[in-house]
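J.: Before I ask anything, let me first share the structure, which is written out below as C-alpha cells.
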Amino acid sequence: MKSNFGRDANRSKPGAYSNGGRFSQFPMQTHFLGVLLPEDITSTLEDCRRYMNNNYGCRSGYGTPIHVTLVPPFLLPDEYTTDDLVRALQDDVVPAAAELAFTAHIDNFDAFGDRTIFAKVVANPKWTKLRDAVLNAVLDAAPGCTKKDKRPFQPHLTVANRDIPAGASAQALEALNELELIEDFPVNNITIFERHGGKWIEAATCHLEIEGEK
C-alpha cells in the first residue's frame with residue numbers, strides 16, 4: 001500500500017474558505033475516492049487534456065490525476081483522518097478483492113451535454129458493486145460524512161469539465177473520437193485523494209490483489 005500520511009488534510013481544515021477574496025458559507029471538501037489507471041492510458045488521456053487546453057483553454061480539474069471517481073468529494077469531519085479511511089478499506093474491501101477486482105473497458109469518448117467531455121467507461125454491474133463496497137467502508141469509518149447518490153452509477157474519465165467554451169463540445173468530441181480509444185484496464189486499486197493547496201493529491205492507495213496474481 002502506497003501512502004502519504006505525513007500530510008493530513010484535516011489538520012488545518014477551515015469551516016469556510018476563501019474564494020477570490022470572498023468566503024464561502026460551505027466547508028471545503030477534503031477527500032474523495034477513485035480508481036487510478038495504468039500509465040499508458042493515463043498518458044493518452046493527459047495528452048487529451050493538453051489538446052483541450054491548447055485548443056479551447058480548458059484547465060478545470062487538470063491538477064487532479066486521471067481517475068474514475070467512486071465516492072465524490074466530501075468533507076471528512078475533524079474527528080476522523082485519512083488513516084481511518086485506509087483501515088476501513090483494508091478491513092472491509094481489500095479482503096474481498098477476488099470478488100471486487102475486474103477488467104473494465106473504455107469505448108472512445110462521450111460528453112454530458114456541453115459541460116463535460118470524458119473517455120467513456122462501459123457500464124458494468126461490477127462498477128456498482130465496487131462503488132457500494134467502498135462507500136459503505138467510508139461510512140463505517142466516518143458515519144454521515146457523505147451519502148449515496150441515488151442516480152445510476154456512471155463511471156467515466158474526465159478530460160474537460162465546466163470550462164468548455166459554449167458550442168465547442170461537439171467539435172472537440174469529434175476530434176477526440178478520431179483517436180479510436182478502445183482499451184481494457186484493470187480495476188485493481190482504491191485510491192484516497194486529499195485536497196492540499198487547492199489541488200487533489202494521492203494520499204493512499206489500497207491494492208485489490210488477487211491470490212496468485214501480481
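J.: Going through Ala97, Ala142 one at a time, which residue ends up being small (Gly, Ala, Ser) and touching a helix residue (DSSP H, G or I) at 6+ places or on another chain (Cβ under 8 Å)?
T.: Step by step, each of Ala97, Ala142 is checked, and only Ala142 is small (Gly, Ala, Ser) and touching a helix residue (DSSP H, G or I) at 6+ places or on another chain (Cβ under 8 Å).
J.: List pairs: first in the range 62-77 and within 24 Å of Met52 (Cα to Cα), second basic (Lys, Arg), Cβ under 7 Å, 6+ apart or cross-chain?
T.: Hits for this filter: Tyr62/Arg49; Gly63/Lys199.
J.: Then there's this: If you go through the range 169-207 one residue at a time, how many are touching a Phe, Trp or Tyr at 6+ places or on another chain (Cβ under 9 Å) and closer than 27 Å to Leu76 by Cα?
T.: 11
J.: Here are the criteria: (1) surrounded by 14 or more Cβ atoms within 10 Å (Cβ to Cβ); (2) touching a residue at least 12 places away in the same chain (Cβ under 8 Å). Tell me which single one Leu139 does not satisfy.
T.: Leu139 satisfies every listed condition except (2).
J.: In addition: What number of residues within the range 70-92 satisfy the criterion of being within 17 Å of the chain's Cα centre (by Cα) and surrounded by 15 or more Cβ atoms within 10 Å (Cβ to Cβ)? Even if it seems obvious, please write down each step before you answer.
T.: If we filter the range 70-92 for residues that are within 17 Å of the chain's Cα centre (by Cα), which is where we start, we get 70-76, 82, 85-86, 89.
With surrounded by 15 or more Cβ atoms within 10 Å (Cβ to Cβ) added as a condition, the list becomes 70-71, 73-76, 82, 85-86, 89.
Here the count works out to 10.
J.: Pairs only if they're at least six apart or on different chains, beta carbon under 7 angstrom, first in the range 83-101 and within 16 Å of Gly34 (Cα to Cα) and modelled with pLDDT of 95 or more, second of a type outside the set (A, V, I, L, M, F, W, C) and in a loop (DSSP other than H, G, I, E, B); list them, first residue then second.
T.: Ala97/Glu209; Ala101/Asn188
J.: May I ask you to verify whether Ile164 is under 24 Å from Glu46 (Cα atoms) and part of a loop (DSSP other than H, G, I, E, B)?
T.: Against the criterion (under 24 Å from Glu46 (Cα atoms) and part of a loop (DSSP other than H, G, I, E, B)), Ile164 qualifies.
J.: Read through the list (1) among the acidic types (Asp, Glu); (2) modelled with pLDDT of 95 or more; (3) not in a helix (DSSP H, G or I), then give the number of the only condition that Asp8 fails.
T.: Condition (2) is where Asp8 drops out.
The values are calculated or read from the model by the stated rules, or taken from the named source; none is laboratory data. Because the structure is predicted, anything quoted here is derived from the model rather than measured. Using ideal geometry, Cβ is built from the backbone for each residue, glycine included, and neighbour counts are taken over all protein chains shown.
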